[in-house]
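The values are calculated or read from the model by the stated rules, or taken from the named source; none is laboratory data. Being a predicted model, the structure only gives us computed values, none of them experimental. Reconstructed Cβ throughout: ideal geometry from the backbone, glycine too, with neighbour counts over all protein chains shown. We work out accessible area using only protein heavy atoms, side chains counted, and drop any ligands, DNA or RNA first. Shrake-Rupley method; radii C 1.70, N 1.55, O 1.52, S 1.80 Å.
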Amino acid sequence: MMLGKKLADDESGDVGATLPLNNLDRTIIADDALFAPWPEVDAIVGNPPYIGRRRMTEELGPAYCARLDERFGPKGVADFVTYWFPKAHDHLPEGGRAGFVGTKSIKQGDGRKASLDYLVDHDGVIFDAISHMPWSGEAAVTVSIVNWQKGGVPPTRRTLWLNNGEEPLEVAEITSSLSPEVDLRRAWRLRSSRSGVYQGQTLGVTPAFKVDGATARSLARQDEAARAVIHPLLGGDELLHSLAIKDWVIDIESGEADQVWGAYPHVMRHLERHALPERRRRAEAEQARNAPMLERDSGARVPTHHSDFLRHWWTLWRRRGELMSAVNGMDRYVALTRTSSELRGPVFTFVDGSFHIEDSAVAFPFDDDYSMGVLQSTVHKTWFRERCTTLETRLTYTLNSVFRTFPWPQEPTPQQVNRIAEASALVTEHVGRGFSRGSTLAAQYDVMRRPGDSALRRLHEDLDRAVIDAYGFDPDEDLLTQILELNLLVAQRESEGLEVTPPGPRGATVTPSTWRWPAPHVFV
């Protein structure tokens, strides 16, 4: 603040009259700003603290998080920083202004709903913003900076910096997504797209449940039945950068202890040695964290996940039963890394149905070339880039914000379906040949980012033309706007009880592709 005063003094040439900061003893207060009363102000500026949702309970404590829920409501925030936006906005007078630095979560998903959506829905106008920029401090984080006004005469000039350092855009409106023109908040979740993408399995005590080939073979030799609960495993990194399977997962469905001990004694002894001690430690740590709050209020709601989990300590932390049911019996299904490189973009691939995937990947229960073609088309990728959440500069695929709002082609003709399936099959088989020659998926798709002729790029361009034709989109018009308009149209049809085309195969009659991330030789 003193630096700001100095700069303002130098700029105005009026030393001492710019900011009343000569004596701050009664001005700066050390307190919890979310709960302490604020003085009357005309403007608010700040850089509120960033704490991701998963770390809030650990760092702030369950008692404090309960107070937050009681005071602000359980808004499903992605980051602690989002609480500060409604707090500041509600405190502003008519015509007052505020400016905050936040994480990029403020413009994405539930974080946006709790922060920027709140501003816009309560007479706020964003008049100057930086969509994203790397933070200059020690924290390796990408931030968004937002300046807004509450009510009053709306600012006539609105400036949006899409990337720090580039020329800003003068726009008629800055949406809560911090994008020009297209307000993606208007997109509806479509009932016809309720399922279709599943996050992979979260192992919990990873070293116990993820085993190498030698351990998998040893357990299988000792327990013949163990072959049914030991599966080849792929994570997001392996999906992109590996050519062969190296990890296996022990996946026992929940059951009674006497049942699983009787069926898989050697596997259970392995888990008893490597998983049970850590599960006990986490339960004890959870109970210790809860103790102070329960002493104050014996009826308080406290987290008991780890304590409850001890009843079935031999199971994965998040088995994803819906995923396993969705892909059960499939020869192959579509997989994608949950977070994708911003430069490379998402890389979709078929994987063999015998694989389980970790939570660093997501699965789509489709085995046909038509569905694969739509998913890896520029239409779906464009929607994904605009609707996804981000981790630093990486793009994260989510069910609710991306897949459930994405409209599929409505009533494509058989010829259009066949054209998409054929173009998609050519991409799949081309990638498969490159894979068999020792080129990983990442290496193949990185070539598309470089100048020069590329067969894979041409195949994707052919696929994009086929998909855009099936949608009936104008290739010369803004693609994102056309997707949003179709989303709204499909949502309206659903609300009127009319039939719409859901995701999934459409009965292509062309020769299908056969390649998939290859299955291992089981327990050789």
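Points worth noting:
- Within the chain, DSSP assigns beta bridges of which about 80% are antiparallel (rounded to the nearest 5).
- Segment 244-300: C-alpha gyration tensor shape, a/c 1.5 cut-off, then a/b vs b/c: prolate
- Residues Met2, Met448, Met293, Met268, sorted by accessible area with the largest first, give Met2, Met448, Met293, Met268 [1.4 Å probe; ligands and nucleic acids excluded].
- Placing unit charges on each Cβ (+1 for Lys and Arg, -1 for Asp and Glu) gives the chain a dipole about its Cα centre, and among Ala228, Met1, Val143 the Cα reaching farthest toward its positive end belongs to Ala228.
- Shape analysis of segment 381-489 places it in the oblate category; the axes a ≥ b ≥ c from the Cα gyration tensor give an a/c of at least 1.5, with a/b not above b/c.
- Label point distance in nm, Ala288-Thr481, each placed 7 Å from Cα along Cα→Cβ: 6.0
- For Glu173, residues with placed amide H under 5 Å, excluding near neighbours: Glu181
- About its Cα centre, segment 271-311 has a charge dipole of approximately 120 debye under the convention of +1 per Lys or Arg Cβ and -1 per Asp or Glu Cβ, with nothing else charged.
- Seen against the Cα atoms of the chain and their longest principal axis, helix 455-471 is set at about 70 degrees.
- Gyration tensor (alpha-carbon) shape descriptor, segment 317-451, a/c threshold 1.5: rounded
- Per-residue ³J(HN,Hα) for segment 443-451, Karplus 6.51 cos²θ - 1.76 cosθ + 1.60, θ = phi - 60°, Hz, x for Gly and Pro: 4, 5, 7, 5, 4, 5, 8, 9, x
- Pairs of alpha carbons in the chain separated by more than 40 Å make up 36% of all such pairs.
- Whole-angstrom gap from segment 303-378 to segment 456-524, using each part's C-alpha centre: 19
- For segment 149-235, size of Cβ-based charge dipole, Lys and Arg +1, Asp and Glu -1, in debye: 460
- Two-decimal log10 I(q)/I(0) for segment 415-461, as the Debye equation yields it once each C-alpha is a single scatterer, q = 0.14, 0.31, 0.33 Å⁻¹: -0.36, -1.15, -1.21
- Segment 205-220 - phi-based ³J(HN,Hα) in whole Hz, Karplus 6.51/-1.76/1.60, Gly and Pro as x: 8, 4, x, 7, 9, 9, 10, 7, x, 5, 5, 4, 5, 5, 5, 5
- Calculated FRET efficiency for the pair Ala244/Glu461, C-beta based, R₀ 41 Å, to 0.05: 0.85
- A 1.4 Å probe, protein heavy atoms only, puts the accessible area of Asp90 near 90 Å².
- Accessible-area value, Val101, 1.4 Å probe, nucleic acids and ligands omitted, Å²: 20
- Lysine-lysine proximity count for the chain, Cα under 15 Å, sequence distance 8 or more or distinct chains: 7
- Rounded to the nearest 10 square angstrom, Ser218 shows an accessible area of 40 square angstrom against a 1.4 Å probe.
- Assigned charges on the beta-carbon of Lys, Arg, Asp, Glu; the chain dipole about Cα centre (debye): 1440
- Positive-end extreme of charge dipole, the chain - chosen from Leu395, Thr339, Val417 (charges on Cβ): Thr339
- DSSP loop trypsin sites (Lys or Arg not before Pro) with at most 11 other Cβ within 10 Å: longest gap in the chain: 158-300
- Largest to smallest accessible area among Met133, Met56 [probe 1.4 Å]: Met133, Met56
- Lys/Arg +1, Asp/Glu -1 at C-beta; the chain dipole; positive extreme among Ala508, Pro277, Leu60: Pro277
- Fraction of the pair-distance distribution of segment 297-376 above 19 Å, Cα-Cα pairs, percent: 53
- In units of the compact-protein estimate 2.2 N^0.38 Å, segment 348-424 shows a Cα radius of gyration of 1.20.
- With every protein chain in place and a 1.4 angstrom probe, the accessible-area ranking of Phe309, Phe85, largest first, reads Phe309, Phe85.
- Loop-located GluC sites (Glu not before Pro) in segment 295-382 (DSSP state not H, G, I, E or B) with no more than 15 neighbouring Cβ atoms inside 10 Å: Glu342.
- Overall, the accessible surface of the chain at a probe of 1.4 angstrom is composed of carbon and sulfur to the extent of 49 percent.
- Stokes-Einstein translational diffusion, segment 192-257 - Kirkwood Rh over all Cα pairs, 0.890 mPa s, 25 °C, in µm²/s: 180
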